[in-house]
1. Could you tell me the ratio Rg/Rh of the range 449-527? Both radii from Cα atoms, Rh via Kirkwood.
2. Using θ = phi - 60° and the Karplus form 6.51 cos²θ - 1.76 cosθ + 1.60, what ³J(HN,Hα) does each residue of the range 290-307 get, whole Hz, x for Gly and Pro?
3. Charges only on Cβ, +1 for Lys and Arg, -1 for Asp and Glu: so what's the dipole of the range 196-308 about the Cα centre, in debye to the nearest 20?
4. Can you work out the Karplus-derived ³J(HN,Hα) for every residue in the range 158-169? Use 6.51 cos²θ - 1.76 cosθ + 1.60 with θ = phi - 60°, whole Hz, and x for glycine or proline.
5. So what is the relative contact order for the chain, in percent, with contacts set as C-alpha pairs under 8 Å and at least six apart?
6. Going down the list 306/358; 500/521; 358/494; 14/199, which pairs span over 21 Å between their C-alpha atoms?
7. Enumerate the amide H contacts of residue 90 below 5 Å, restricted to partners 5 or more residues apart or on another chain; note that Pro and chain-start residues carry no placed amide H.
8. Which residue, 125, 61, 9, has the largest displacement toward the positive end of the dipole of the chain when charges sit on each Cβ (Lys, Arg +1; Asp, Glu -1)?
Amino acid sequence: MKLRGFRDLSFRHKLILMMMSVGSAAVMIVTLALVGFEWMQFRSSMVRELTTEAAMIGANSAAALAFDDATTGNEVLGVLRVRPEIVQAWLLRSGDQVFAQYARSPGLPVPLAWPEGHHFVEGHLVLCQPVKFGQETVGRICLRADMREQRWRLWGHAGIALVMMAVALLIAYWVAVRLQRVLSEPLVALTRAVGDVSKFKDYGLRVTKQGDDEIGVLIDGFNRMLVEIQKRDEEIGNREERFRQLTETIQEVFWLQDETEDRMLYVSPAYERIWGQRVEELYLRPSAWLDAIHPDDRGRVRQAMKRQHREGEYNEEYRVVRPDGAVRWVHDRSFPVRDADGNVHRIAGIAEDVTERKRLEREILEISEREQRRIGQDIHDGLCQQLVGIGFVAKLLENKLGQAGSPHLAEIREIGALLQQAVIQARNLSHGLSPVRLDKDGLELALHGLAGNIVSLFSINCEFDCPFPVRLADNTAATHLYRIAQEAVNNAIKHGQPGKITISLAQTGATLTLSVTDDGKGMAATSNQAKGIGLHVMRSRARMIGGNLDIRGRKQGQGTVLTCTCPIKE
């Protein structure tokens, strides 16, 4: 916890504390060394002085010990009164018997068993050494000295050392406060600049270099980094501005979603114009765009979204019901955005309002249908009648030539047969241009006729399968379904070289299903066709009646199945 508290201090305080700690440790070590040395010196000096004093007293009392003169011995010890630090002294005969003694304070016991040498005991120095008379040891002299005065002197020296240490620490603090600025001020300026850049995103800030040391190198690197960031920030800002101008001016909706599809990252303002909803609502509820899709298209779009979740892309057209009830057609495309490892991390898309295009397509198809009906009617009422009239004339000419026995009778008969075939083909052509009658079973009859025409024109086995009657009152939807079947059959004949084609029509509840199946070459043969206008027209017709078109191959080399499903409207 203490170390963590030190880490949380400012760099300035850390420098001051470190300098003070180092200085304090150095001063303390020196002070302790000096006090210890002084203490050892006091002890050594006292031992030397006491040894000298004992030698002098021993020399003066040697004769008294040798001649057993206790009075002289006591007189010699009495000289110690001038030495206040010596509190006790005694002379011992051989055998450690007290011969004479001196005590500054009465009542002090006489220790007899001290060995020779000096000893520090309870604040006293006891020194014993032998007394010799000539070459003979006649006894021992022992002195006890009080070390109180030396201790007071030592404490005085220690106090002086502490005062000096305090003064040294104050000087060290003063020096540390001033020296730390050399290191802390550039780092503080650098730290302040980092905080300002993080807070205000102002990459134009620069830190002034105060030296060429490591901190100066760090500041240079930081300033260069800010220059690079500023350049990149300006580039990103310019790109974002161009992107914003592009997305806000285009008529299409540009959207960006995360890979989980749970969050919209960006939606261009065109969304509000097409969907009639606020962009903020889509950010708060990413499914708001899906909820606005027409109920007949929503299921298909959900299925496409599942494929998008797996593959990252889809291409769909659907209707959007705005809050005011208006219906808009939307062409929505998406594509994956991959990271450096190739993983999908975003999904981008463009949604285009194609309502006007749909209206034009519908008008073009309606005009085309009207023109085809008009041409079919003109062929039926004009060309067919003329061919029939020519046929009657040819028949009359045949009768006349027969009565006259003309050699050209066979030729006129051949002309009559050709005219009859031309009438049949013209009628079939007129029925193909105007295939669906305005009654409920018109689609069945038209598809049945289509199958028959394929057999007669191409000699290909073509069947119509409709196990249960299908009643479709919407003549427009019936016409679109017929044209889809007609285009699918023509594509199969043109690209697949089939031996058999089956046109199926079935109704399940409120859903009608049209399928065209062939046993030709399969999807490989129709791959180029998928890029042409035929498939596009079929998909457009299916969407115009609220349906869905699906084309897929059977087993390789066994043909293609085209399926169109659409709701039945009463």
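We did not get these values from a lab; they are worked out from the coordinates using the rules stated. Quantities reported herein were computed from a predicted structural model and do not represent experimental measurements. Cβ atoms come from the backbone with ideal geometry, glycine included; neighbour counts cover every protein chain shown.
1. On the way: Rg = 13.1 Å, Rh = 13.3 Å.
Answer for the range 449-527: 0.99.
2. 6, 5, 7, 6, 4, x, 5, 9, 5, x, 5, 5, 4, 4, 5, 5, 5, 5
3. Details: 19 positive and 24 negative charges, 95 e Å.
Using only the charged Cβ atoms, the result is roughly 460 debye.
4. 5, x, 4, 5, 5, 4, 5, 5, 4, 5, 5, 5
5. Numbers: 782 pairs, mean separation 38.8, N = 570.
Across the chain, relative contact order equals 7 percent.
6. Numbers: 306/358 26 Å; 500/521 12 Å; 358/494 28 Å; 14/199 26 Å.
Those over the limit are 306/358; 358/494; 14/199.
7. Counting only residues 5 or more places away or on other chains, the set is 102, 142.
8. Of 125, 61, 9, it is 9.
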